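Structure, as structure tokens:
The values are calculated or read from the model by the stated rules, or taken from the named source; none is laboratory data. In this text, all values refer to a predicted model and were calculated from it rather than measured experimentally. Quick reminder, even Gly has a Cβ in these numbers, built from the backbone with ideal geometry, and neighbours come from all protein chains shown. Accessible surface is based on the protein model in full, side chains and every heavy atom, while ligands, DNA and RNA are left aside. Shrake-Rupley method; radii C 1.70, N 1.55, O 1.52, S 1.80 Å.
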Amino acid sequence: MVNKKQIRGVYLVTDRPLCIHHNLAEVVKLAALGGVSFVQLREKETDSRTFLELAKHLIEILRPFSIPLLINDRLDICLAAGAEGVHLGQSDLPWWEARRILGEQAILGLSLETKEDYFSLMHTHPKPELDYLAVSPVFDTNTKTNTKPAWGLMGVTWLKNQTNLPIVAIGGIKESNAEAIIEAGADSLAVVSAICSAKDPKLATENLLKKFHSIKE
């Protein structure tokens, strides 16, 4: 099990249609070789059986690297596959129910789309049993089109100053802006197309990680 205090580094969020040079399994393995810290399996369109098969396959790929697999939205898939945790949005199963079902060892992250989402969280749960908060999106992105207005770099810094929980930044992140997002306060960079669509996912992961290390260490 990952040390939850070490939620940092490069966080791959999968998108099969964006895997244009390699299939999903190859992208994940190459990202693992490149030093990715987490992989989130996101499947918005597929059926449950295929989702489960993909999750089990990725767990086998990631196990030798001791890299956790998180499941987007679907608590049932997480349980059935034996994944390490789930990532939830504002309209998904309430995170406290997920914590109750999965237990304290599971990794549990929550997307915040607005500052009001954060204030609501603090009002109901001043000390939430979450492992990270995701700023979503930092910048506008084609991979998620149903989101609220982008947080921007100032939004990342604002949230960093509000909480002791690790901050995962997602949305429009690429090598050219990674350093600025880390400097703004992100503990982890969640990327989709920057790795999934790369000709060399291993190199893309390594390059993002270098940006991270140059500032954080």
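Side notes on the structure shown:
- Among Leu30, Phe51, Gly89 - extreme Cα towards positive end, dipole of segment 8-113, charges at beta-carbon: Leu30
- Total charge dipole magnitude, the chain, about the Cα centre, Cβ charges on Lys, Arg, Asp, Glu only, Debye to nearest 20: 320 debye
- Accessible surface, 1.4 Å probe, highest first, among residues His22, His123, His87, His213: His123, His213, His22, His87
- Estimated [θ] at 222 nm from DSSP helical runs (n ≥ 4, -39500 (n - 2.57)) normalised by residues in the chain, nearest 500: -12500 deg cm²/dmol
- Taking amide H as placed 1.01 Å from N in the peptide plane, Glu84 has its amide H under 5 Å from the amide H of Leu69, each at least 5 places away in sequence or on another chain.
- From largest to smallest, the equivalent ellipsoid semi-axes obtained for the chain from the alpha-carbon gyration tensor read 23, 22, 16 Å.
- Loop trypsin sites (Lys or Arg not before Pro), segment 153-217 (other Cβ atoms within 10 Å of the site Cβ: 14 or fewer; DSSP): Lys199
- Pairwise FRET efficiency - Phe139 versus Glu206, Cβ, R0 = 30 Å, nearest 0.05: 0.85
- Taking GluC sites (Glu not before Pro) across segment 4-61, the ones in a DSSP loop with at most 13 further Cβ atoms lying within 10 angstrom of their Cβ are Glu45.
- The distance separating the Cα centre of segment 23-100 from that of segment 146-197 comes to 20 Å.
- Derived scalar couplings ³J(HN,Hα) [segment 57-66; Karplus, 6.51 cos²θ - 1.76 cosθ + 1.60; whole Hz; x for Gly, Pro]: 5, 5, 4, 5, 5, 7, 4, x, 9, 6
- A straight chain from Leu33 to Arg63 at 0.36 nm per residue would run longer than the Cα-Cα distance by 9.6 nm.
- Between Ser176 and Glu116, the modelled labels are 3.4 nm apart [label points 7 Å from Cα along Cα→Cβ].
- Modelled FRET efficiency - R0 35 Å, Gln6 with Thr46, Cβ distances, 0.05 increments: 0.70
- For the set Lys127/Lys174; Lys44/Lys115; Lys56/Lys115, the pairs lying more than 27 angstrom apart at their alpha carbons are Lys127/Lys174; Lys56/Lys115.
- Percent RCO, i.e. relative contact order, over the chain, from Cα pairs under 8 Å lying at least 6 residues apart: 24 percent
- Ordered from highest to lowest accessible area with the whole protein assembly present and a 1.4 Å probe, Arg100, Arg74, Arg63 read as Arg100, Arg63, Arg74.
- Sequence of Trp151, Trp96 when ordered by accessible area, the most exposed leading, probe 1.4 angstrom: Trp96, Trp151
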